[in-house]
Amino acid sequence: MRVSPEAPIPDWSALETSFEHNAPDHHAYLDLQNGQVVTINDTRPEDEEKRQQIARSTGRFIHLDPASSREQYRWMERFVASVEDPALRERLTLAIDGKGAFRRFKDVLLSYPVERDRWFSYRANLLHIYIDGWLANQDIVLGAYPPWGKPEDPPEPNIPLEKPASERAPGPSETLRRTARDLIDRLPAIELPAAIAYLQYLLDKQPSVHHEPTT
């Protein structure tokens with residue numbers, strides 16, 4: 001990114017929001033004349049006028065490319081690798097495995113407010129690194145440097161998180177247990193007493209079965 005006093009100062013907050021919002025029906029453009037961010041949603045008919053203005057104004061608007069879901073998933077992997085508590089790190093490793101990873105990851109962190117706050121800072125730092133790189137690649141001239149300064153890359157390597165050996169090839173029993181845990185995690189809190197009562201009923205029917213501790 002190049003800086004010139006004559007260039008517009010962008011709405012940095014809107015830029016951050018646009019670069020992390022990667023919904024397929026959402027589009028954001030940076031107005032190079034005034035630094036404002038223009039958003040368009042395919043489901044809003046009233047945005048058609050903005051779409052036409054952008055099409056007519058060649059060279060004025062540049063489309064913002066948000067961080068992909070794959071990129072943001074990698075951010076979660078790097079954060080999990082930074083977690084010092086072995087038990088929490090294992091829970092998060094399991095949480096981000098498979099469909100629904102983002103939701104399960106957030107659900108686990110709800111019970112760990114300190115780590116949850118650290119995740120927000122960790123994620124913001126990686127988002128800023130992504131934005132800085134994108135602006136540099138586009139060779140855009142702006143009126144000021146970003147307010148977040150120069151973010152430093154975390155020490156955790158940007159590589160896929162290594163899953164435990166047991167998780168790479170789970171047996172049928174473990175697969176069923178993970179499915180059951182996932183279903184319980186998705187239940188509304190109001191339904192949990194009924195689910196627990198039914199599970200207890202099943203356990204009482206089989207008193208001789210050895211029950212493994214749940215996570």
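Any idea how many residues of the stretch 90-116 are in contact (Cβ under 8 Å) with a residue 40 or more places away in the chain, under 13 Å from the mean Cα position of the chain (by Cα) and open to solvent by 60 Å² or more (accessible area, probe 1.4 Å)? Steps first, answer last, please.
The first filter runs over the stretch 90-116 and keeps only residues in contact (Cβ under 8 Å) with a residue 40 or more places away in the chain, leaving 90-91, 93-94, 96-97, 100, 104, 107.
From what's left, under 13 Å from the mean Cα position of the chain (by Cα): 96, 100, 104, 107.
Okay, now just the ones that are also open to solvent by 60 Å² or more (accessible area, probe 1.4 Å), so 107.
Number satisfying all stated conditions: 1.
Does the stretch 117-135 include one or more residues that are over 19 Å from the mean Cα position of the chain (by Cα) and either surrounded by fewer than 16 Cβ atoms within 10 Å (Cβ to Cβ) or of a type in the set (A, V, I, L, M) (or both)?
Within the stretch 117-135, the subset over 19 Å from the mean Cα position of the chain (by Cα) is 135.
Narrowing the set further to residues that are either surrounded by fewer than 16 Cβ atoms within 10 Å (Cβ to Cβ) or of a type in the set (A, V, I, L, M) (or both) leaves 135.
Yes, the stretch 117-135 has at least one match.
Among the candidates 15, 94, which residue alone is touching a Leu at 6+ places or on another chain (Cβ under 8 Å) and not in a loop (DSSP other than H, G, I, E, B)? Break it down stepwise before answering.
On the way: 94 fails: touching a Leu at 6+ places or on another chain (Cβ under 8 Å).
Criteria check complete, one pass: 15.
Return a yes/no flag: does the stretch 137-160 have any residue that is in a helix (DSSP H, G or I), of a type outside the set (Asp, Glu), more than 13 Å from the chain's Cα centre (by Cα) and within 28 Å of residue 5 (Cα to Cα).
Restricting attention to the stretch 137-160, the residues satisfying the condition of being in a helix (DSSP H, G or I) are 137-138.
Next cut, of a type outside the set (Asp, Glu) only: 137-138.
This time we only want the ones that are more than 13 Å from the chain's Cα centre (by Cα), so: 137-138.
Of the ones still in play, those that are also within 28 Å of residue 5 (Cα to Cα) are 137-138.
Yes: the stretch 137-160 contains one or more residues that are in a helix (DSSP H, G or I), of a type outside the set (Asp, Glu), more than 13 Å from the chain's Cα centre (by Cα) and within 28 Å of residue 5 (Cα to Cα).
Every residue, every condition in (1) closer than 30 Å to residue 183 by Cα; (2) modelled with pLDDT of 95 or more, yes or no:
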{"residue": "22", "(1), (2)": "yes, no"}
{"residue": "29", "(1), (2)": "no, yes"}
{"residue": "37", "(1), (2)": "no, yes"}
{"residue": "83", "(1), (2)": "yes, yes"}
{"residue": "116", "(1), (2)": "yes, yes"}
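Given the conditions (1) at pLDDT 80 or above; (2) farther than 23 Å from residue 108 by Cβ; (3) open to solvent by 100 Å² or more (accessible area, probe 1.4 Å), report the number of the one that residue 205 does not fulfil.
Unmet for residue 205, out of (1) at pLDDT 80 or above; (2) farther than 23 Å from residue 108 by Cβ; (3) open to solvent by 100 Å² or more (accessible area, probe 1.4 Å): (1).
Taking the stretch 21-61, which residues are assigned to a loop (DSSP other than H, G, I, E, B), in contact with a Ser or Thr (Cβ under 8 Å, 6 or more places away or on another chain) and surrounded by 14 or more Cβ atoms within 10 Å (Cβ to Cβ)? Explain how you work it out, then say what you get.
Going through the stretch 21-61, the residues assigned to a loop (DSSP other than H, G, I, E, B) turn out to be 21-25, 32-36, 42-44, 57-60.
Still in the list and also in contact with a Ser or Thr (Cβ under 8 Å, 6 or more places away or on another chain): 22, 25.
Correct list: 22 only.
The values are calculated or read from the model by the stated rules, or taken from the named source; none is laboratory data. Only a predicted model underlies this, so the values are computations on that prediction, with no experimental measurement involved. No Cβ is skipped: glycine too gets one built from the backbone with ideal geometry, and neighbour counts run over all protein chains shown. All accessible areas refer to the heavy atoms of the entire protein, side chains included, with ligands and DNA or RNA removed. Shrake-Rupley method; radii C 1.70, N 1.55, O 1.52, S 1.80 Å.
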